[in-house]
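Asker: Got a structure for you, written out below as C-alpha cells; questions coming shortly.
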Amino acid sequence: MRGLRRTVLRIRRAARRINDAPYLTKWLVLGSLIGVVAGLGAILFIFCLESATKLLLVGIGGYHPPGPLGEGGAVGSAGFTRPWAIPLVVGLGGLLSGILTSRFAPEAEGHGTDAAIEAFHHNPRGVRPRVVLVKILSSAVTIGAGGSGGREGPTAQISAGFGSLLGRALDLSPEDARIAVAAGIGSGIGAIFRAPLGGAVLGAEILYRDDIEGEAILPSMIASVVGFSVFGAVEGFTPIFGYVRGYQFDHPLQLLYFALLGAVAGLIALLYARTFYASIALTRRLPGGGIVKPAVAGVLVGLLGLAVPGALGTGYGFVQKAITSPSALPLWIILVLPFVKILSTSLSIGSGGSGGIFGPGMVIGAFTGAAVWRLLHPFAPGLPGGPAPFIIVGMIATFGSISHAQIGVLLMVGEMTGSLALLAPAMIALGVAAFVVRDTTMYSGQLRDRTHSRAHQLKFGLPLLAGVPAGEVMKPPRLLLSADTPVRVALAELAACELSGAPVVSADLSFHGGVDAERLASMVTSGTDARIGDVADTAWPTFVGTGTLHDVVDVLVTTGTTWVAILDADRQVTGVVGMTEVIDGYRHALTAGLRRVSTAGTGSELVEETVTAHAPAAGRTVAEVRWPAGSVAVTIQRNGNLRFPDSETALEAGDVVHVLARPDTTSDVRALINGGVDAIGHVADHGPALI
C-alpha cells in the first residue's frame, strides 16, 4: 500500500511539474507522449487489419487485394477463386463490427475522425478508453473483410483518445486538453499515412471549415514527428505510393487542364459527401438494429466488389496500379471506380460500420484525376505524358476541398507520393474545387470558425473571465462525502444541505470524484446498496492550483456539470466554484475594470507593446513602474491568455501590454515597455502606478 501511495504521489508531482512548465517544455513532453502512443497505435491497428484481411478476405474469401509500393506492392489476385464467398465475407465483417459497436461502444461506429473533432469541441477530457479498443477491432474486421473504409479514423481516435486520457490524468486545463486531442488527431493520421508534416497541419486545420487552431500546430508537429518515427521504425519510411518522379511543371497551358480537373473534382466531392450522409439518413429510417444493417450493407458491397474489385478494402493497390501501370486498368474501370467507391464507402461506413472516410476520398480523387487524363489525352496539347500528375492532383483537389483541410491534404499527398513538384497545378485545382464545394463538408463535427466554438466564444465575448483566478471566488465546500458513505445516506446529506452535488474524498481526504443528486436518486429508486465511492464520477472536472474563471466556464459548458472542484497540491479539496461564483467574480472584474478605465480621462489612446527582456518595465510589478500621468495598464496578454493586472502583477518579457495613455505620453509608455531610450528615468521608486 505504501508503495502504491508513493507511486501516486510521484505521478501527482510529475503532473504538477508538467502543468507548471513553460509552453515549449510542456508540449515537448506531452506531444512526445501522444506521438509515441500514435505510432504504437498505428502499428497495432495495421497488425489487426492485416490479420483480419488474411483471415477473412484472403483465407475465407480467397481474394488477395493489391497493395501500394510502400506496403510491399503486392500484385493481388487476378480474379475471384470463390466469388460466392465474397459477399458473405464482407457481410460477416459488417456483422462483427455491428456486434462490437452496439454491445460495447456505440460511439465507435462510423468514421472516427469526426468523433475526435466533436470531442475537441465539446468534451476533450471525455473520450472513453473502451471506445479506442472497440474502434481498432471493429474497423479491422470491417476493412479486413473487404468493407470500404480508411485507416485514418481508427488511428486518429486512438491518439486523440490518449490525449483525452492525459487531460484527465494530469488535470490539464480545458485549453490544453483540447490541444492534446488535436495533436492526437494529427499524429494518428500523420503516422498511418507516413506524412508527418501534412498530418500535423491537418490536425489543426480539420477542426473548422474556415479557420485553423493555431495553438495546436506546434504540439501537433511534435506529436506527428514522434508518431511517424515510431511507426516508420517498424513499418518502414517509404511513402505509401512510392516516389513518384519524372514530372516537371513547365507548360502554362497545363494550368487550364488542372483547373478543369479541379471543377470535376469539386463535383465528385459534393457527390461523395451528399451520398454518404444520405446513406446515414436512409439507414436510420430502415428497420433493423445496429448489428443487422452493417451486415446487409456488407453483402451489397461484396456484390459490388465482384463487378469492380476496387470497391473492396482501402483501394490503395488500385491507385498504385493507376500510377505505375495505367494500361493495366481498362477505361471503363477508371471511369466508374469513383462512383463505385462512393457507393461502397457510403454503404460500409454510413450503415454503421467502422472505418475512415479520408482514405476512400483519396481513392475517389485519384481515379477522378485518372479519368480526366484518359479523356483528355487523345486531343489535348501539352498534356503530361502519364496520368500520375492528374492522379495526385485529383486526390488533393477532391478530398482537400470537401474536408476543408486544403493545406494539410496538399502536404499529405505530397508526402504520400514523395513529390512536391505538383504544388502549383495542385493549388489551382484545389482552389477551383473549393469554389465548387463551398460550405459542404465531409465532417459534420466541424465548426465554421473559432467564433462558433463555445470555448473561444467565451474568450472573445467575455475576456474578463480570463483575468479572474478561480481561487479568488471559490467557496469552501459545504459538504464532503466519504467514499465509504452508502448511496442512500449520501443522498439524504445532499438533501439536508440543499445541494445538487458534492465532492467525494478518499480515506486520506484526497479528491476521489464527484456525484450529483439526480443520478443518486435514480440509483436509490433501483434499490442499490453501493457505496458512494463506487459510483462517483472519477473524471469530474477539477483544477489543481491555478485556473481562471474562463477555464471554469469552459469546463461547465463542455461537460454539462454545475460545479468544479478546486484542489491543492495534494489533491485535497480547497473549494468549489459554480455559476454563482462565476457571475459574482465577473461582476467584480467588470466593476474594477470600469473603475480603472474611468481614471484615464477622455481623449486617451490605446498603446499595445510587447515587453522586451531589457525594457525598464521588465521584471517589475505594475506598481513599481512609474507610468506617465493619466496612464492605465488595462490588460496583459501572456501565453495566449488575457489578464487584468493589479498593482502586484509582474511584467515579463514577451507579455503584450495594453495601456490607455494621453496622446502626448504614448512614446514614453512605449519606451517603458519595449526598452526605448525615452524610458530613462521613468522607472523606480517614484510612487505607485495608476491602476
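The values are calculated or read from the model by the stated rules, or taken from the named source; none is laboratory data. Keep in mind it's a predicted model, so treat the numbers as computed, not measured. Glycine also receives a Cβ, built like all others from the backbone with ideal geometry; neighbour counts cover every protein chain displayed. Ligands, DNA and RNA are excluded from the accessible area calculation, which covers all protein heavy atoms including side chains. Shrake-Rupley method; radii C 1.70, N 1.55, O 1.52, S 1.80 Å.
Asker: Show the residue pairs meeting these rules: Cβ distance below 7 Å; 6+ apart or different chains; first residue within the stretch 292-312 and aliphatic (A, V, I, L, M) and surrounded by fewer than 19 Cβ atoms within 10 Å (Cβ to Cβ); second residue modelled with pLDDT under 95 and not in a helix (DSSP H, G or I).
Answerer: L306/F80; L306/P83
Asker: Could you tell me whether the stretch 228-242 includes any residue that is under 18 Å from A116 (Cα atoms), part of a helix (DSSP H, G or I), touching a residue at least 60 places away in the same chain (Cβ under 8 Å) and open to solvent by 10 Å² or more (accessible area, probe 1.4 Å)? Step through it out loud before you land on a result.
Answerer: In the first step, residues of the stretch 228-242 are kept if they are under 18 Å from A116 (Cα atoms); the result is none.
No, the stretch 228-242 has no match at all.
Asker: Tell me, which residue of the stretch 525-544 that is open to solvent by less than 50 Å² (accessible area, probe 1.4 Å) and not in a loop (DSSP other than H, G, I, E, B) is nearest to R125 (Cα to Cα)?
Answerer: The residue in question is T542.
A quick yes/no check of all residues on (1) modelled with pLDDT under 90; (2) closer than 23 Å to S401 by Cα:
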residue	(1), (2)
L165	yes, no
R168	yes, no
I179	no, no
L197	no, yes
M221	no, yes
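Asker: Out of all the residues in the stretch 451-458, is one or more out of contact with any Asp or Glu (no Cβ under 8 Å at 6 or more places or on another chain), modelled with pLDDT of 85 or more and surrounded by 15 or more Cβ atoms within 10 Å (Cβ to Cβ)?
Answerer: Checking the stretch 451-458: not a single residue is out of contact with any Asp or Glu (no Cβ under 8 Å at 6 or more places or on another chain), modelled with pLDDT of 85 or more and surrounded by 15 or more Cβ atoms within 10 Å (Cβ to Cβ).
Asker: Tally the residues that are within 38 Å of the chain's Cα centre (by Cα), at pLDDT below 85 and among the hydrophobic types (A, V, I, L, M, F, W, C), restricting the search to the stretch 608-640.
Answerer: Residues in the stretch 608-640 being within 38 Å of the chain's Cα centre (by Cα), at pLDDT below 85 and among the hydrophobic types (A, V, I, L, M, F, W, C): 3 in total.
Asker: Could you please give the count of residues in the stretch 652-677 that are open to solvent by 20 Å² or more (accessible area, probe 1.4 Å), over 18 Å from R620 (Cα atoms) and either in contact (Cβ under 8 Å) with a residue 24 or more places away in the chain or of a type in the set (F, W, Y) (or both)?
Answerer: Number of matching residues: 4.
Asker: Going by what's in this entry, would V225 be described as under 27 Å from V393 (Cα atoms), assigned to a helix (DSSP H, G or I) and open to solvent by 50 Å² or more (accessible area, probe 1.4 Å)?
Answerer: Working: under 27 Å from V393 (Cα atoms): yes; assigned to a helix (DSSP H, G or I): yes; open to solvent by 50 Å² or more (accessible area, probe 1.4 Å): yes.
Yes, satisfied.
Asker: Also: Determine if the stretch 277-287 includes at least one residue that is touching a Gly at 6+ places or on another chain (Cβ under 9 Å) and farther than 29 Å from G353 by Cβ.
Answerer: No, every residue in the stretch 277-287 fails to be touching a Gly at 6+ places or on another chain (Cβ under 9 Å) and farther than 29 Å from G353 by Cβ.
Asker: Still on this model: Do we find a residue being within 26 Å of D176 (Cβ to Cβ), basic (K, R) and open to solvent by 40 Å² or more (accessible area, probe 1.4 Å) anywhere in the stretch 616-636?
Answerer: Looking through the stretch 616-636, none of the residues is within 26 Å of D176 (Cβ to Cβ), basic (K, R) and open to solvent by 40 Å² or more (accessible area, probe 1.4 Å).
Asker: So, D508, is that one over 30 Å from R178 (Cα atoms), out of contact with any helix residue (DSSP H, G or I) (no Cβ under 6 Å at 6 or more places or on another chain) and surrounded by fewer than 18 Cβ atoms within 10 Å (Cβ to Cβ) or not?
Answerer: Against the criterion (over 30 Å from R178 (Cα atoms), out of contact with any helix residue (DSSP H, G or I) (no Cβ under 6 Å at 6 or more places or on another chain) and surrounded by fewer than 18 Cβ atoms within 10 Å (Cβ to Cβ)), D508 qualifies.
Asker: In addition: At pLDDT 90 or above, touching a strand residue (DSSP E or B) at 6+ places or on another chain (Cβ under 6 Å) and open to solvent by less than 20 Å² (accessible area, probe 1.4 Å), is that true of S139? Step through it out loud before you land on a result.
Answerer: Details: at pLDDT 90 or above: yes; touching a strand residue (DSSP E or B) at 6+ places or on another chain (Cβ under 6 Å): yes; open to solvent by less than 20 Å² (accessible area, probe 1.4 Å): yes.
Taking the combined requirement at face value, the residue satisfies it.
Asker: Identify, please: which residue in the stretch 545-580 is touching a strand residue (DSSP E or B) at 6+ places or on another chain (Cβ under 6 Å) and in a helix (DSSP H, G or I) and is, among those, farthest from D516 (Cα to Cα)?
Answerer: Taking the candidates together, the pick is V552.
Yes/no matrix, rows are residues, columns are (1) touching a strand residue (DSSP E or B) at 6+ places or on another chain (Cβ under 6 Å); (2) in contact (Cβ under 8 Å) with a residue 12 or more places away in the chain; (3) part of a helix (DSSP H, G or I); (4) open to solvent by 70 Å² or more (accessible area, probe 1.4 Å):
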{"position": "G35", "(1), (2), (3), (4)": "no, yes, yes, no"}
{"position": "S51", "(1), (2), (3), (4)": "no, yes, yes, no"}
{"position": "G73", "(1), (2), (3), (4)": "no, yes, no, no"}
{"position": "L92", "(1), (2), (3), (4)": "no, yes, yes, no"}
{"position": "S97", "(1), (2), (3), (4)": "yes, yes, yes, no"}
{"position": "A119", "(1), (2), (3), (4)": "no, yes, yes, no"}
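Asker: If you check F390, F399, which single one turns out to be open to solvent by less than 40 Å² (accessible area, probe 1.4 Å), in contact (Cβ under 8 Å) with a residue 60 or more places away in the chain and more than 27 Å from A278 (Cα to Cα)? Spell out the reasoning first.
Answerer: Details: F399 fails: more than 27 Å from A278 (Cα to Cα).
Result of the check over F390, F399: F390.
Asker: In this structure, is V573 crowded, with 21+ Cβ neighbours inside 10 Å, farther than 16 Å from A502 by Cα and either among the aliphatic types (A, V, I, L, M) or modelled with pLDDT under 80 (or both)? Break it down stepwise before answering.
Answerer: Working: crowded, with 21+ Cβ neighbours inside 10 Å: yes; farther than 16 Å from A502 by Cα: no; either among the aliphatic types (A, V, I, L, M) or modelled with pLDDT under 80 (or both): yes.
So V573 fails the test.
Asker: Follow-up. Among the numbered criteria (1) of a type outside the set (S, T, N, Q); (2) in contact with an Asp or Glu (Cβ under 8 Å, 6 or more places away or on another chain); (3) closer than 27 Å to G73 by Cα, which one does V413 miss?
Answerer: Condition not satisfied by V413: (2).
Asker: Just to verify a result, which residue in the stretch 243-257, among those that are touching a helix residue (DSSP H, G or I) at 6+ places or on another chain (Cβ under 7 Å) and over 28 Å from T345 (Cα atoms), is least open to solvent (accessible area, probe 1.4 Å)?
Answerer: We begin by selecting, within the stretch 243-257, every residue touching a helix residue (DSSP H, G or I) at 6+ places or on another chain (Cβ under 7 Å); these are 244, 247, 249, 254-255, 257.
Filter once more, keeping what is over 28 Å from T345 (Cα atoms): 247, 249, 254-255, 257.
Values: Y247: 41, F249: 62, Q254: 10, L255: 54, Y257: 30 Å².
Ranking the candidates gives Q254 first.
Asker: Which numbered condition trips up I342, out of (1) farther than 15 Å from T283 by Cβ; (2) modelled with pLDDT under 95; (3) crowded, with 24+ Cβ neighbours inside 10 Å?
Answerer: So I342 meets the others, but not (2).
Condition check ((1) modelled with pLDDT of 85 or more; (2) surrounded by 15 or more Cβ atoms within 10 Å (Cβ to Cβ)) across all residues:
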{"residue": "A259", "(1), (2)": "yes, yes"}
{"residue": "A265", "(1), (2)": "yes, yes"}
{"residue": "L271", "(1), (2)": "yes, yes"}
{"residue": "R274", "(1), (2)": "yes, no"}
{"residue": "G288", "(1), (2)": "no, no"}
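Asker: Hey, could you check the stretch 511-524 for residues that are open to solvent by less than 60 Å² (accessible area, probe 1.4 Å) and not in a strand (DSSP E or B) and say which is modelled with the highest pLDDT?
Answerer: Let us first name the residues in the stretch 511-524 that are open to solvent by less than 60 Å² (accessible area, probe 1.4 Å), namely 511-517, 520-521, 523-524.
Now narrow it down to the ones that are not in a strand (DSSP E or B): 517, 520-521, 523-524.
On the way: A517: 83, L520: 80, A521: 80, M523: 76, V524: 69.
Among those residues, the one meeting the criterion is A517.
Asker: Something else about it: Would you check which residues across the stretch 214-250 are under 16 Å from S159 (Cβ atoms) and of a type in the set (F, W, Y) and list them?
Answerer: Answer for the stretch 214-250, where residues must be under 16 Å from S159 (Cβ atoms) and of a type in the set (F, W, Y): F228, F231.
Asker: If you don't mind, another one. If we scan the stretch 421-439, do we find a residue that is free of Cβ contacts under 8 Å to residues at least 12 places away in the same chain, within 24 Å of the chain's Cα centre (by Cα) and either surrounded by fewer than 22 Cβ atoms within 10 Å (Cβ to Cβ) or in a helix (DSSP H, G or I) (or both)?
Answerer: The answer is yes, given that some residue of the stretch 421-439 is free of Cβ contacts under 8 Å to residues at least 12 places away in the same chain, within 24 Å of the chain's Cα centre (by Cα) and either surrounded by fewer than 22 Cβ atoms within 10 Å (Cβ to Cβ) or in a helix (DSSP H, G or I) (or both).
Asker: Go over the candidates T101, T113 one by one and state the one that is open to solvent by less than 10 Å² (accessible area, probe 1.4 Å) and either modelled with pLDDT under 85 or under 27 Å from S453 (Cβ atoms) (or both). Lay out the reasoning, then the answer.
Answerer: Working: T101 fails: either modelled with pLDDT under 85 or under 27 Å from S453 (Cβ atoms) (or both).
None of the other options fit; the residue is T113.
Asker: Just to be sure, is E215 at pLDDT below 85 and among the acidic types (D, E)?
Answerer: no
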